[in-house]
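Working notes, beginning with the structure itself.
The values are calculated or read from the model by the stated rules, or taken from the named source; none is laboratory data. Note that the coordinates shown come from a computational prediction; the quantities given were computed from them, not determined experimentally. All Cβ positions, even for glycine, are placed from backbone atoms using ideal geometry, and neighbour counts span all protein chains on display. Note: areas computed on protein heavy atoms with side chains; ligands, DNA, RNA excluded. Shrake-Rupley method; radii C 1.70, N 1.55, O 1.52, S 1.80 Å.
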Amino acid sequence: YGCAYADFLSINRDKYDIACVTGNSMGWYIALACAGALPFAGALHLINTMGTLMQDALIGGQMIYPFINDNWEVQEDQKQHLLSLIKDINARPEHDLYISIMLGGMMVFGGNAAALQALKDTLPPLQDRFPLILPNHAAFHTPLQRPISEKAFDIFDASMFDNPHTPLIDGRGHAWRPYATVDEEIFNYTLGHQVYDYYDFTRAVQVSIKEYAPDNIIILGPGTTLGGAVAQCLIDIGWQGMHNKADFQTRQKDDPYIITMGMDEQRALVV
């Protein structure tokens with residue numbers, strides 16, 4: 001959070017106006033601070049508290065599996081197959097499996113141990129990585145997290161939130177706009193739906209670019225892990241003529257559309 005927020009503050013505002021802000025999963029809490037819906041310290045308190053509640057309980061887990069090919073093109077049959085597996089596994093006694101996050105060309109599953117093991121046993125290995133179990137991750141953004149949501153509502157209240165100064169796109173693709181955001185509503189979403197229902201990062205990115213048509217997408221650090229997922233979100237809708245990985249790489253070569261601050265050469269373009 002500290003690194004990402006510092007990156008946000010270091011963007012050259014003489015060169016870039018921030019059209020809107022979004023984020024994935026914990027990135028939602030970071031986005032709240034960047035957009036001004038929470039003060040820096042308030043967001044830090046929220047992140048630490050929610051992280052502690054989830055880590056102490058560690059309800060369920062997460063697993064990732066792709067539904068794109070090597071050229072980042074969506075394989076609709078594969079996507080539908082993954083969705084059907086969720087339904088099939090959930091029908092088994094004491095098996096709970098859900099979509100946790102839609103992450104570009106990957107589906108993040110959340111569920112209990114029995115369901116995740118059943119899914120892992122069913123899916124064929126891909127790229128020597130998938131199916132990938134995420135260590136020390138709970139079943140974030142699934143109904144299994146309702147107890148965490150209830151505890152959070154007992155700890156926080158809506159007075160900590162404020163109107164964002166910059167449009168803020170959440171995990172449903174909903175836009176929270178300056179002068180049109182009710183503190184109670186964004187509070188209820190953040191501690192409610194955002195905790196126990198799935199987070200559609202793909203939709204968040206796609207709504208952001210369709211609604212605000214930014215000249216660039218800037219990905220805050222630390223790290224570079226979201227670059228591929230964001231690119232896959234663009235490819236999925238053919239944004240600016242990008243229909244596959246090769247198109248994206250060509251578009252990025254001389255004048256990158258996606259600028260990742262975790263990469264030194266790209267960071268230099270925005271600070």
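Tabulated data for the structure shown
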{"item": "Simple label model, 7 Å out from Cα along Cβ direction - Arg129 to Thr49, nm", "result": "3.5 nm"}
{"item": "Highest-first arrangement of 219-227, 96-104, 62-70, 166-174, where packing means the average Cβ count within 10 Å", "result": "96-104, 166-174, 62-70, 219-227"}
{"item": "Distant-in-sequence amide H partners of Ile217 (H built 1.01 Å from N, under 5 Å)", "result": "Ile258, Ile259"}
{"item": "Segment Gln75-Gln249, extension gain: residue separation times 0.36 nm, minus the distance between their alpha carbons", "result": "60.6 nm"}
{"item": "Surface accessible to a 1.4 Å probe, per residue, for the residues of the chain, Å²", "result": "47 Å²"}
{"item": "In Å², nearest 10: area of Lys253 left accessible to a 1.4 Å probe", "result": "150 Å²"}
{"item": "Virtual paramagnetic centre 7 Å along Cα→Cβ of Ser159, amide N under 17 Å, in region 187-230", "result": "187-188"}
{"item": "For Gly36, residues with placed amide H under 5 Å, excluding near neighbours", "result": "His165"}
{"item": "Straight-distance crosslink candidates among aspartates and glutamates, where the alpha carbon sits under 18 Å from Lys245 and sequence neighbours closer than 8 are dropped", "result": "Asp70, Glu73, Glu76, Asp236, Asp254, Asp255"}
{"item": "Magnitude of the charge dipole, region 75-166, Cβ model with Lys/Arg +1 and Asp/Glu -1, debye to 20", "result": "200 debye"}
{"item": "Overall Cα dimensions of region 121-271 - principal axes, largest extent first, Å", "result": "50, 48, 28"}
{"item": "Nearest-10 value in Å² for the accessible area of Val182, using the 1.4 Å probe", "result": "70 Å²"}
{"item": "The chain: Cα Rg divided by the 2.2 N^0.38 Å rule of thumb", "result": "1.01"}
{"item": "Listed residue (Asn188, Val271, Ile235) projecting farthest to the positive dipole end of the chain, Cβ model", "result": "Ile235"}
{"item": "Among Ile47, Ala152, His81 the positive-end extreme of the charge dipole of region 47-189 (Cβ point charges)", "result": "His81"}
{"item": "Among beta bridges that DSSP assigns inside the chain, antiparallel share in %, nearest 5", "result": "75 percent"}
